[in-house]
Amino acid sequence: MGVVTKNKTWADEENVTYTDLNATFDTLYNVVNGNLDNDNVKASANIAASKLDSTVITTTNSKTLTNKTLTKPKMVQPYTDIVVETDGATVTFDLSAGHIQQVTLGGNRVLAIDNEQAGSAFVIRLIQDGTGSRTVTWFSTINWAGGTAPTLTTTASKSDWFGFICTETDTYTGFIIGQNAS
């Protein structure tokens, strides 16, 4: 590996040009062959290992962040796949698999929720099969906006979207997002 040498010294209040900065950075970059990983930075810039090893998070490891503040975090993948649940006499929506779920109803069904947490929000899409006229018995303790459980669209192959917020264990606030959708 090459050695990083100081090739420019700036005086107090001297104007620094972008050309000077680019040349200095290019020298450092070339010394480490474009690979600014922990080992190269430590070797070329003489930064103490203790300053890097315990704080660096790379794309290949994880770090537990307890009682930390994230300022302006960027969501890399701010979406989730729609989880397709299996139809059956009781359809259980497992929220650990994802918070947007759907099922095609093949008969009148009982709905259940698994792995919910207070404060979590989730969405359920109920799709009528090719026959239609399917109904559901909702999971426990839903406080519906407006005070009444919605009537499902029963037209064959149409769907209804519902949103929920888990307010405490087995207690939810429910909302109609949209009905009679294709």
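Filter the strands (runs of 3 or more DSSP E) completely within the stretch 87-182 down to those with at least 1 residues that are without any contact (Cβ under 8 Å) to a residue 24 or more places away in the chain and over 27 Å from the mean Cα position of the chain (by Cα).
It comes to 90-94.
Condition check ((1) at pLDDT below 95; (2) surrounded by 14 or more Cβ atoms within 10 Å (Cβ to Cβ); (3) not small (G, A, S)) across all residues:
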position	(1), (2), (3)
G98	yes, yes, no
Q102	no, yes, yes
S140	yes, no, no
F164	no, yes, yes
E168	yes, no, yes
S182	yes, no, no
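Answer yes or no: is there a residue in the stretch 125-133 that is at pLDDT 95 or above, surrounded by 10 or more Cβ atoms within 10 Å (Cβ to Cβ), more than 22 Å from G178 (Cα to Cα) and among the small types (G, A, S).
There is no residue in the stretch 125-133 that is at pLDDT 95 or above, surrounded by 10 or more Cβ atoms within 10 Å (Cβ to Cβ), more than 22 Å from G178 (Cα to Cα) and among the small types (G, A, S).
Give the number of residues within the stretch 84-133 that are hydroxyl-bearing (S, T, Y) and farther than 19 Å from T153 by Cα.
Number of matching residues: 5.
Within the stretch 63-89, track down each residue that is surrounded by 10 or more Cβ atoms within 10 Å (Cβ to Cβ) and either touching a Leu at 6+ places or on another chain (Cβ under 6 Å) or over 16 Å from W161 (Cβ atoms) (or both).
Result: K63, D87, G88.
The values are calculated or read from the model by the stated rules, or taken from the named source; none is laboratory data. Keep in mind that what you see is a predicted model, and the values were worked out from it rather than measured. Cβ: placed from backbone, ideal geometry, glycine included. Neighbour counts: every protein chain shown.
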